[in-house]
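Peer 1: First, the structure itself, so that you have it in front of you.
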Amino acid sequence: MSTDSFSGWKKSCELRLTCRIIMTKYEGIINASDQTMNVLLTSVGRRGYLVRYFKDALAADGQVWGADNSRYAPAFAYCDHRVIIPEITHPDYLDHVLELCRINKIQIVIPLIDPELDILSAFRSEFERHDILLLLSPAQTIETASDKYQTWQFARQHGIAAPQTFITIADALSHIDSGTVQWPLLVKPRRGSASMNLTYCADKIQLEGAFEACPTPMIQEVVKGAEYGYDLFADARSRPISVYCKRKLAMRAGETDKAVSTNNPELIEFGKTLLEHLNLIGPADVDV
């Protein structure tokens with residue numbers, strides 16, 4: 001990411017975090033009588049920069065706890081408190097996180113990796129019973145974002161243009177025969193990241209081979225054009241706080257390597273439209 005873009009993103013991130021703290025502290029989402037605010041970042045890993053952002057925003061009004069399953073997590077160096085917890089697949093994971101929050105009067109839990117989202121979302125009511133806010137979108141929003149086929153269905157439902165998407169070879173070939181889509185086609189997992197198991201197919205033989213080799217596959221038409229990314233943020237009642245848009249210049253392993261910020265009014269309005277439809281809580285990164 002370019003220096004200018006990174007500086008803008010950092011400023012945006014800090015502003016959104018400050019808004020988040022104000023919204024939760026003074027609108028009764030958590031106990032407003034608390035004089036300090038303790039925040040837990042789970043699976044903190046190498047994300048020391050996020051810890052620093054939170055500490056800067058909290059200042060003397062709270063502390064940042066970091067949790068990870070490895071004692072060697074580099075971000076621990078920046079946390080006010082650090083705790084080793086089981087892996088997210090461990091049956092005691094949720095109990096450990098909840099007990100950690102309860103004992104240390106942690107009011108907000110912010111998961112930092114995708115695999116945690118479903119797990120914590122299913123346990124939301126238990127956290128709320130102890131006046132702990134999960135900065136996490138509703139289960140259906142998480143499912144829509146996690147399953148790329150459901151993402152496509154969501155786009156169609158709300159009139160958002162999206163590449164034609166199929167979950168059977170027969171359906172894809174039918175559209176090829178009718179001329180509504182053309183080769184090449186793209187095979188990818190419905191649930192995946194970092195561009196893993198992504199294959200471009202120039203004909204039926206390649207399509208069948210890639211489809212068979214891909215876990216939970218789906219097929220998508222290939223579209224060309226500039227790629228943009230959004231950093232969206234909504235409060236705990238799903239009200240929009242900010243829309244930050246960047247044009248991607250280079251990708252690496254499915255992630256943005258270089259980008260520049262853009263203030264295109266049409267793109268900003270589209271980001272607001274996404275926020276309205278997604279029922280989002282907290283932050284989201286969206287590629288368009």
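Peer 1: Which one, Leu185, Leu274, Tyr244, projects farthest toward the positive side of the charge dipole computed for the chain from Cβ point charges (K/R +1, D/E -1)?
Peer 2: My answer, from the dipole projection, is Tyr244.
Peer 1: Find, to one decimal place in angstroms, the Kirkwood hydrodynamic radius of the range 52-163, where the mean of 1/r is taken over every pair of different Cα atoms and then inverted.
Peer 2: Kirkwood radius, the range 52-163: 15.9 Å.
Peer 1: First obtain the Kirkwood hydrodynamic radius of the range 187-261 from its Cα pairs, then insert it into the Stokes-Einstein equation at 25 °C and 0.890 mPa s, and state the resulting D in µm² per second as a whole number.
Peer 2: Stokes-Einstein gives a translational diffusion coefficient of 165 µm²/s.
Peer 1: Quote the charge dipole size of the range 145-221 about the Cα centre in Debye, to the nearest 20; the model charges only the Cβ of Lys and Arg (+1) and of Asp and Glu (-1).
Peer 2: Dipole of the range 145-221, to the nearest 20 debye: 300 debye.
Peer 1: How are the Cα pair distances of the range 145-221 distributed, in percent, across 10 Å bins from 0?
Peer 2: Per 10 Å bin, starting at zero, the Cα-Cα P(r) for the range 145-221 comes out as 20, 53, 26, 1 percent.
Peer 1: Quick one: which of 223-229, 168-174 comes out on top by average Cβ neighbours within 10 Å, and what's the full order, highest first?
Peer 2: 168-174, 223-229
Peer 1: First select every other residue whose beta carbon is under 13 angstrom from the beta carbon of Pro217; then total the charges, Lys and Arg +1, Asp and Glu -1.
Peer 2: Local charge sum for Pro217: 0.
Peer 1: Calculate, for Ala77 and Trp183, the FRET efficiency according to 1/(1 + (r/R0)^6) with r their C-beta to C-beta distance and R0 41 Å; round to the nearest 0.05.
Peer 2: Taking R0 as 41 Å, the efficiency between Ala77 and Trp183 is 0.20.
Peer 1: Quick one: if the Förster radius is 35 Å, what FRET efficiency do Thr36 and Glu266 give, using the C-beta to C-beta distance and rounding to 0.05?
Peer 2: Efficiency, from the Cβ-Cβ distance: 0.25.
Peer 1: Going by average Cβ density within 10 Å per residue, which order do the peptides 230-237, 125-132 take, highest to lowest?
Peer 2: 230-237, 125-132
Peer 1: For the range 53-97, how big is the tail of P(r) above 11 Å, as a whole percent of Cα pairs?
Peer 2: Pairs farther apart than 11 Å: 67 percent.
Peer 1: Grab the eigenvalues of the alpha-carbon gyration tensor for the range 114-263, scale each by 5, take roots, and send me the semi-axes largest first in whole angstrom.
Peer 2: Output for the range 114-263: semi-axes of 32, 20, 15 Å.
Peer 1: Further, regarding this structure: Which of the peptides 78-88, 202-212 is most tightly packed, and how do the rest follow, judged by the mean count of other Cβ atoms within 10 Å per residue?
Peer 2: So the peptides 78-88, 202-212, ranked by packing, come out 78-88, 202-212.
Peer 1: Return the percentage of antiparallel bridges among DSSP beta bridges fully within the range 145-221, rounded to the nearest 5 %.
Peer 2: Just about 100 percent of them are antiparallel.
Peer 1: I need the phi-derived Karplus couplings for the range 209-214: 6.51 cos²θ - 1.76 cosθ + 1.60, θ = phi - 60°, integer Hz, Gly and Pro marked x.
Peer 2: Taking θ as phi minus 60°, the curve returns x, 5, 5, 5, 7, 8 Hz for the range 209-214.
Peer 1: Indicate, rounded to the nearest 5 percent, the antiparallel portion of the DSSP beta bridges found entirely in the chain.
Peer 2: For the chain, the DSSP antiparallel bridge percentage is about 65.
Peer 1: What ³J(HN,Hα) values, in whole Hz, does the Karplus curve 6.51 cos²θ - 1.76 cosθ + 1.60 give for the range 95-112 when θ = phi - 60°, with x put for Gly and Pro?
Peer 2: Values, residue by residue: 4, 5, 5, 5, 5, 4, 5, 5, 5, 9, 6, 7, 9, 10, 10, 10, x, 10 Hz.
Peer 1: While we're looking at this one, here's another question. Projected onto the charge dipole of the chain (+1 at Lys/Arg Cβ, -1 at Asp/Glu Cβ, origin at the Cα centre), which of Leu40, Gln206, Ser121 gives the Cα projection farthest towards the positive end?
Peer 2: Selected residue: Leu40.
Peer 1: To continue, here is another question. Average the reciprocal distances over every distinct pair of alpha-carbons in the chain, invert the result, and give the Kirkwood radius in Å.
Peer 2: Here the Kirkwood hydrodynamic radius works out to 20.7 Å.
Peer 1: Can you tell me the FRET efficiency between Ile167 and Ala60 if r is taken as the Cβ-Cβ distance and R0 is 41 Å, rounded to the nearest 0.05?
Peer 2: After rounding to 0.05, the efficiency reads 0.20.
Every number in this text was worked out from the coordinates using simple rules, so none of it is lab data. Being a predicted model, the structure only gives us computed values, none of them experimental. Ideal geometry is used to build each Cβ from the backbone, glycine not excepted, and the neighbour counts take in all protein chains shown.
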